[in-house]
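Notes to accompany the following structure.
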Amino acid sequence: MKKEHVLHCQFSAWYPLFRSLTIKSVILPLPQNVKDYLLDDGTLVVSGREDPPTCSQPDSDNEAEEIQWSDDENTATLTAPEFPEFTTKVQEAINSLGGSVFPKLNWSAPRDAYWIAMNSSLKCKTLSDIFLLFKSSDFITRDFTQPFIHCTDDSPDPCMEYELVLRKWCELIPGAEFRCFVKENKLIGISQRDYTQYYDHISKQKEEICRCIQDFFKKHIQYKFLDEDFVFDIYRDSRGKVWLIDFNPFGEVTDALLFTWDELLSGRNLKGDFSEEALEQDAPAFRCTNSEVTVQPSPYLSYRLPKDFVDLSTGEDAHKLIDFLKLKRNQQEDD
């Protein structure tokens, strides 16, 4: 995998070529000061809020005392930087896409940070929603800091122009997403995208699904992408229509899902689990989770905060909060 292969998989590199096959999207250049803010390791203070919360006037002296949290004049107040021009552009783009969007950078979406959103989703309606996800995502940080990891060429890294990609929000069923692997312009493998779950319809319809994806590839993708080795993701809707979702480099930086990169690069053992009829037709290998016994935990769970920390921060477990306060009081008494 070379750096040019990674560059060709940037959203802005392929979207103009395949616009009619994919979800409507808007691409906005990312200002340098916004990039700096997203990479800042300081306390997470979310910027981009259009309607900051307002406090009502207290009705009594007692209430005034309750909301007087600190008398320390030296207490620092954390304020988020503001980007009024960029905020306006983003909100206009969101409105043009129906009011809700799926955000990503040049390559990655903040899938590892969905848990931090109020709706536990990547559905965003404002720039502050996007900033919260981006600042909490290792995938986004990798796009910024290591976009060419696993590349084999020693040439200097190209100068990057980062972009915010806003995609019209669509309710996609995870069991209808598939990842397709292409080597030398030949479709060699198809994997269930959400491999952590068992979907009965995939097991029952895998030959039909495979043929449908093959037809889509031959008609719309083959020999039209900028490279001959690449990975693309698709969505097959309830009517059987296939939609293009994304392109990824053909290499270790991309999740091989139910395959291994050794299998994909060497071509060995790819079709061990496919029917004889499909083998004779030179079909790609098709892999899916075949039973509930093989269901696995989500790969994004490791990016979440410890449950005890979440319980404390949200107040969902009163007993843990009481124990924590007692511990802090005992520490103060010891000091």
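Rounded if a/c is under 1.5, else prolate if a/b beats b/c, else oblate: with a ≥ b ≥ c from the C-alpha gyration tensor eigenvalues square-rooted, which is region 141-187?
Because a/c hits 1.5 or more and a/b fails to exceed b/c, region 141-187 counts as oblate.
Could you work out how much longer the chain between Met160 and Lys123 gets when fully extended? Use 0.36 nm per residue separation minus the Cα distance between them, nm to one decimal.
Fully extending the segment from Met160 to Lys123 adds 10.7 nm.
If you take the beta carbon distance between Ser291 and Trp261 as r and set R0 to 25 Å, what does 1/(1 + (r/R0)^6) give as a FRET efficiency, to the nearest 0.05?
0.50
Taking R0 as 30 Å, what's the FRET efficiency between Asp237 and Ala13 from their Cβ-Cβ distance, rounded to 0.05?
Rounded to the nearest 0.05, the efficiency is 0.70.
Can you tell me which lysines have their Cα less than 25 Å from the Cα of Lys89? Leave out same-chain residues fewer than eight positions away.
Lys89 reaches Lys24, Lys35, Lys104, Lys123, Lys125, Lys135, Lys168.
Round to a whole number: what % of the accessible area of region 72-191 belongs to carbon and sulfur, probe 1.4 Å?
50
Counting Lys +1, Arg +1, Asp -1, Glu -1, what net charge surrounds Asn33 among other residues with beta carbon under 11 Å of its beta carbon?
-3
Filter the chymotrypsin sites (Phe, Trp or Tyr not before Pro) in region 141-228 to those in DSSP coil with at most 13 other Cβ atoms within 10 Å of their Cβ, and list the result.
Tyr223
Shape call for region 174-246 from the C-alpha gyration tensor, a ≥ b ≥ c root eigenvalues: rounded (a/c under 1.5), prolate (a/b greater than b/c) or oblate?
prolate
Provide the FRET efficiency to the nearest 0.05 for the Leu28-Arg142 pair, computing r from the beta carbons and using R0 = 22 Å.
According to the calculation, E is roughly 0.60.
Pull up all non-local amide H partners of Ile245: gap of 5 or more, or a different chain, and H-to-H distance under 5 Å with H placed in the peptide plane.
Asp233, Ile234, Tyr235
Net charge within 12 Å of Thr152 by Cβ-Cβ distance, Lys/Arg positive one each and Asp/Glu negative one each, not counting Thr152 itself?
My count for the surroundings of Thr152 gives -2.
Summing +1 for each Lys or Arg and -1 for each Asp or Glu, what net charge is found among the other residues whose Cβ lies under 12 Å from the Cβ of His201?
+1
Decide, for region 112-216, between rounded, prolate and oblate: order the square roots of the alpha carbon gyration tensor eigenvalues as a ≥ b ≥ c, take rounded if a/c falls under 1.5, and otherwise choose prolate if a/b is larger than b/c, else oblate.
Oblate.
The values are calculated or read from the model by the stated rules, or taken from the named source; none is laboratory data. From a predicted model like this one, the values you see are computed outputs, not experimental measurements. Here the Cβ is made from the backbone with ideal geometry for all residues, glycine too, and neighbour counts use every protein chain on show. Heads up: the accessible areas ignore ligands, DNA and RNA and are worked out on the full protein's heavy atoms, side chains in. Shrake-Rupley method; radii C 1.70, N 1.55, O 1.52, S 1.80 Å.
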